[in-house]
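Novice: Let me begin by handing over the structure; questions about it come next.
None of the figures in this text is laboratory data; all of them are computed from the coordinates on show. Because the structure is a prediction, the values reported are computed rather than measured. Note: ideal-geometry Cβ built from the backbone for every residue, glycine included; neighbour counts use all protein chains shown.
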Amino acid sequence: MGGFVEIGELLFSVNAGSKFHYHLLWVVVLGTIGIIVYGEMAGRIAAVMRTSVFDVIRDTIGPRLGLITLLAAVFVGVMTCAAEVGGVAMILRLLFDMPYRVLIVVTLLFFLIVIGLSNLKWIERTFGIGGLLMLIFIVTAFALHPDWPNVARGLIPWVPSSSDKQDLLSYAYYAVALLSSIMLPYETYFYASGGIEDDWSSKDVPMNRFISAVGFTLGGCLTLSLVIMGAVLFASRDIEAQLPGTAVLGPIETYGKTGLLLALAGMFFAFAGATIENCLSVSYNICQFYGWKWGKRLEARTVPRFTAIWLIVIVLSAAIVMTGVDPVQVVEYAIVFSVVILPLSYYPILRTARNRELMGSHANGWVADTLGVFFLVLVTLAALAAIPLLIITHSGES
């Protein structure tokens, strides 16, 4: 499921295209490589050591700093989960034209049933296959006949030549936010925990490498297509995607009602998958940090703390959006604050993956090591810039 685009990545991608045409495509490529590198390392650690990300965080940076990371991850996870619940309700409203708050309750009941009664393999297969409907956005991007030479130029890192300071700051804000939306830390938390749930061992290291590369590359291609669609359709018309439904205008213009239904169905499965990932990730993280028994593979009554936490998270998420708060605004803040905890999450993963005493022959090679250090420095710089840019640009409005 990690290969699909959730609500924050969708909105930031379309808006990046509408505001800066193709000039932020290079950020998508960079972020996709980064999440492949750290997703693969997290999965490899899970396969070789049977150790989750928060076990690694606690053991590497210590209980005190680890607890700060945990609290930040829980906060970001709940906020992201709330935004996804709101996003699913918005999609259902476009499909069925029912009151928004009623659909939030319907969405909550849906997730309680799905998470409570389904095992992890069934959840992954259902939402993973359903999320493939998002491919309509890639098909749409090609059908819109973008300016391919400019698309190619957008893949090269570029800084605006504008002398307007606010334009430069807004560009920097979107670059940081887009990078964060692609490299969200919960993806590595969930991925490593899922590997342990599936009883991975060192023989699964090649499979882990393949899954990381293919899954996250698919997500990167979807994000590229959304940026291109935003540039072609919205930039010249000065349209900003304030709601997830704006993204379906591309498939509608190209394929009519069929495009609309495929896009909405794909977004439903993608947003729902991200909701489940965030909900379970919060429960995984807390239980792993404190050494409590956890796992979806186990009966709920045998893991009462794990079950109680994910129940609280999904109910709290629905309660947050039930207050009337804008899910889009929630996800914007969640994504920006996510980048702040990326260094604290990724440094322990890198340090463990390169440790030959722990990983043996499966420790990082020079390529993984070089890329790991490069992206750790990159996300650290982004983390330092994220909140100041959020405040100065008023969430990129300048």
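Novice: Apply 1/(1 + (r/R0)^6) to the Cβ-Cβ distance of SER118 and VAL214, taking R0 = 25 Å, and write down the FRET efficiency to the nearest 0.05. Don't skip to the answer; put the middle values down first.
Specialist: Values: r = 24 Å, r/R0 = 0.96.
FRET efficiency, SER118 to VAL214: 0.55.
Novice: Once you've got the GNM for the chain with C-alpha springs shorter than 10 Å, pick whichever of GLY131, GLY291, GLY195 has the biggest mean-square fluctuation.
Specialist: Of the options given, GLY291 has the highest mean-square fluctuation.
Novice: Count of lysine pairs in the chain with Cα atoms under 20 Å apart, counting only pairs 8 or more residues apart in sequence or on different chains? Let's see the in-between values first.
Specialist: Numbers: LYS19/LYS165; LYS121/LYS203; LYS121/LYS293; LYS121/LYS296.
For the chain, the number of qualifying lysine pairs is 4.
Novice: Which residues make up the longest stretch of the chain that has no trypsin sites (Lys or Arg not before Pro) in a DSSP loop with at most 12 other Cβ atoms within 10 Å? Show your work: numbers first, answer last.
Specialist: Details: sites that count: ARG237, LYS293.
By the stated rule (loop sites, at most 12 other Cβ atoms within 10 Å), 1-236.
Novice: Are there DSSP H segments in the chain that both extend 15 Å or more along their axis (alpha-carbon positions) and score a mean Kyte-Doolittle hydropathy of at least 0.0? List them, or say none.
Specialist: Values: long enough: 7-20 (19 Å, 0.74); 25-49 (36 Å, 1.73); 53-96 (49 Å, 1.55); 100-117 (25 Å, 2.67); 120-131 (16 Å, 0.07); 165-182 (26 Å, 0.67); 185-197 (18 Å, -0.44); 205-229 (36 Å, 1.47); 249-290 (51 Å, 0.83); 304-322 (27 Å, 2.09); 327-353 (36 Å, 1.26); 366-392 (39 Å, 2.36).
Correct list, ordered by number: 7-20, 25-49, 53-96, 100-117, 120-131, 165-182, 205-229, 249-290, 304-322, 327-353, 366-392.
Novice: Pick from TYR255, TYR284, TYR22: which is most flexible by mean-square fluctuation in a GNM of the chain where alpha carbon atoms under 10 Å apart are linked?
Specialist: Ranking TYR255, TYR284, TYR22 by mean-square fluctuation puts TYR255 first.
Novice: Moving to a separate point now. In whole Å, what is the distance between the alpha-carbon centres of segment 162-200 and segment 84-117?
Specialist: A separation of 26 Å, based on Cα centres.
Novice: Now, a different point. Given the -39500 (n - 2.57) contribution per DSSP H run of 4+ residues, what per-residue ellipticity at 222 nm results for the chain, rounded to the nearest 500 deg cm²/dmol?
Specialist: Mean residue ellipticity, 222 nm, calculated: -26500 deg cm²/dmol.
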